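Student: Take this structure, written in structure tokens, and hold onto it; I'll ask about it next.
The values are calculated or read from the model by the stated rules, or taken from the named source; none is laboratory data. Remember, it's a predicted structure, so these values are computed and weren't measured experimentally. Every residue, glycine among them, receives a Cβ derived from its backbone with ideal geometry; neighbour counts consider all protein chains shown.
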Amino acid sequence: MTLTQAAFGQRSLLKDAGLVIGGSLFIALAAQVSIPMWPVPMTLQSLAIIIVGLTYGARLGAITLLAYLAQGLAGLPVFSNGGAGVAYFFGPTCGFLVGFVLTAWVAGLGADRGLTKRFLPAFLVALVAGAAMYIPGVAWPMGAATLFGIDAGWVGTSAARIWTGWVSPFLLGDVIKAALAALVVTGGWAAMKSRKA
């Protein structure tokens, strides 16, 4: 049972639609928030994505992220810094945008297996989910973009340059966001337990 199932009871199409709309709006708003941090500013977009996965479960979490991506592709300014549209989507961060679906799904798998009620398991699930977005995230600029006919200066980026510019500067923020997501979700479970007591 996921936290949303515990909070809202038996699922229905209407409830799921409301969660998808609410979750995609939550992610869109979080994508516009940037917190100054070393070595790079930290946006709250991936934090919101992990929270959605940890609370919704794998299926509904992934559907929510697909809806979020569809909103951005349709031109709604839901991506970081108000980004939107097909040109933005197929830019250098396309792999990470696609990876958001994987992140929500992996976090949701942990939720579906009951791993979100205690901090340490929830934190580990959040870490793995956050790391999952790097798989398509780095594959895209390293060469996957060429399969879609993309010809840009960032296509064919070396692994060393990917590591120093696209991965390592964000790892500290990813750990912090995993801890925050675990705190939010385990706090939600604690609130549900005290409400029932």
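Student: So Ala48 ticks every box in (1) at pLDDT 95 or above; (2) at positive phi but one. Which box is left unticked?
Tutor: (2)
Student: Please determine whether any residue of the stretch 114-121 is free of Cβ contacts under 8 Å to residues at least 24 places away in the same chain and of a type in the set (Lys, Arg).
Tutor: No.
Student: Select the helices (runs of 4 or more DSSP H) contained entirely in the stretch 30-113, then report the ones holding at least 1 residues which are surrounded by 22 or more Cβ atoms within 10 Å (Cβ to Cβ) and in contact with a helix residue (DSSP H, G or I) (Cβ under 8 Å, 6 or more places away or on another chain). First the steps, then the outcome.
Tutor: Numbers: elements: 45-56, 58-73, 85-89, 94-112.
Hits in the stretch 30-113: 45-56, 58-73, 94-112.
Student: What number of residues within the stretch 164-197 satisfy the criterion of being more than 18 Å from Gln5 (Cα to Cα), at pLDDT below 95 and among the charged types (D, E, K, R)?
Tutor: 0
Student: Could you go through the stretch 80-88 and let me know if any residue there is hydrophobic (A, V, I, L, M, F, W, C) and either under 22 Å from Met192 (Cβ atoms) or under 12 Å from the mean Cα position of the chain (by Cα) (or both). Full working, then the answer.
Tutor: Residues of the stretch 80-88 hydrophobic (A, V, I, L, M, F, W, C): 84, 86-87.
Cutting the leftovers down to either under 22 Å from Met192 (Cβ atoms) or under 12 Å from the mean Cα position of the chain (by Cα) (or both) gives us none.
Scanning the stretch 80-88, I find no residue that is hydrophobic (A, V, I, L, M, F, W, C) and either under 22 Å from Met192 (Cβ atoms) or under 12 Å from the mean Cα position of the chain (by Cα) (or both), so the answer is no.
Residues checked against (1) more than 22 Å from Val167 (Cα to Cα); (2) touching a Gly at 6+ places or on another chain (Cβ under 9 Å); (3) not basic (Lys, Arg):
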{"site": "Leu13", "(1), (2), (3)": "yes, no, yes"}
{"site": "Gly22", "(1), (2), (3)": "yes, no, yes"}
{"site": "Met37", "(1), (2), (3)": "no, yes, yes"}
{"site": "Thr43", "(1), (2), (3)": "no, yes, yes"}
{"site": "Gln71", "(1), (2), (3)": "yes, no, yes"}
{"site": "Val86", "(1), (2), (3)": "yes, yes, yes"}
